[in-house]
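Visitor: Starting off with a structure, shown below.
The values are calculated or read from the model by the stated rules, or taken from the named source; none is laboratory data. Not measured: the values here are computed from a predicted model. Note that each Cβ is placed from the backbone with ideal geometry, even for glycine, and that neighbours are counted across all protein chains shown. Side chains included, ligands, DNA and RNA excluded: accessible areas come from the protein's heavy atoms. Shrake-Rupley method; radii C 1.70, N 1.55, O 1.52, S 1.80 Å.
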Amino acid sequence: MPDELQTWFASRVPKDWFTGGLEIMSDGEEILVVGNLPDVELAGGTSAAARAAAQDARIDRFREETRDDRVRIAREGERHFRRKVGWGARCGDQMKLFTTASVPVMTRLRMPERSILDTLVGMHQKDWIKGLRDALVKVDEARGKGPLN
């Protein structure tokens, strides 16, 4: 599926939006498309805070200028892949995610948190299943000792 996602979005995202290829992350709920914007060109001696503010402004401008096209592409992707499509952009050291899904689990988790949760569940799944089986054995034992037997 990652190759299919990469090909599908690369064929729809305008070539002049980003420098380099798209970074596409996905899980069972969402596809997140992130691209790199050209870094800002500032005079030498510009403070780090001013550079960060200029990079944030470039991302915000991209977000506003491409909104209609991003929504159209996302809707097509959501119909095709049956998952929500979120967007993000990176400019220099700054990255912003926008229109991302917040999926209810025990709380609302975004893709990075869901990825960590999936990893933890996968690591402990065997122990968890064993615990459930042990609990079911104890339930059966308690039923066997009950008043109806």
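Visitor: Being in contact with a helix residue (DSSP H, G or I) (Cβ under 8 Å, 6 or more places away or on another chain) and either within 30 Å of L117 (Cα to Cα) or not in a strand (DSSP E or B) (or both) is the requirement here; does L97 meet it?
Guide: In short, no.
Visitor: Applying the selection to the stretch 33-64, what residues are at pLDDT 95 or above and touching a helix residue (DSSP H, G or I) at 6+ places or on another chain (Cβ under 6 Å)?
Guide: Within the stretch 33-64, V33, L37 meet the criteria.
Yes/no per residue for (1) in contact with a Ser or Thr (Cβ under 6 Å, 6 or more places away or on another chain); (2) within 17 Å of V71 (Cα to Cα):
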site	(1), (2)
P2	no, no
F9	no, yes
V13	no, yes
L32	no, yes
N36	yes, no
S47	no, no
A52	no, no
Q55	no, no
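Visitor: When you scan the stretch 11-38, how many residues do you find that are among the small types (G, A, S) and more than 24 Å from D56 (Cα to Cα)?
Guide: 3
Visitor: Within the stretch 11-44, work out how many residues are assigned to a loop (DSSP other than H, G, I, E, B), buried (at least 17 other Cβ atoms within 10 Å of the Cβ) and free of Cβ contacts under 8 Å to residues at least 60 places away in the same chain.
Guide: The number of residues fulfilling the criteria is 1.
Visitor: Go through the residues of the stretch 61-82 one by one and say whether even a single one is under 30 Å from V121 (Cβ atoms) and part of a strand (DSSP E or B).
Guide: no
Visitor: Right, another one. Within the stretch 45-56, take every residue that is touching a residue at least 40 places away in the same chain (Cβ under 8 Å) and either over 29 Å from G21 (Cβ atoms) or not basic (K, R) (or both) and give me the one that is least open to solvent (accessible area, probe 1.4 Å).
Guide: Residue satisfying both the conditions and the ranking: A52.
Visitor: Please pick out the residue among R75, R70, R114 that is open to solvent by 40 Å² or more (accessible area, probe 1.4 Å) and not hydrophobic (A, V, I, L, M, F, W, C).
Guide: Exactly one residue qualifies, and that residue is R75.
Rundown of residues vs (1) acidic (D, E); (2) in contact with an Asp or Glu (Cβ under 9 Å, 6 or more places away or on another chain); (3) at positive phi, yes/no style:
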position: L22; (1), (2), (3): no, no, no
position: D68; (1), (2), (3): yes, no, no
position: W87; (1), (2), (3): no, no, no
position: R90; (1), (2), (3): no, yes, no
position: A101; (1), (2), (3): no, yes, no
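Visitor: Pairs under 6 Å by beta carbon, first residue modelled with pLDDT of 65 or more in the stretch 96-113, partner among the aromatic types (F, W, Y), six or more apart or different chains?
Guide: F98/W87; T99/W87
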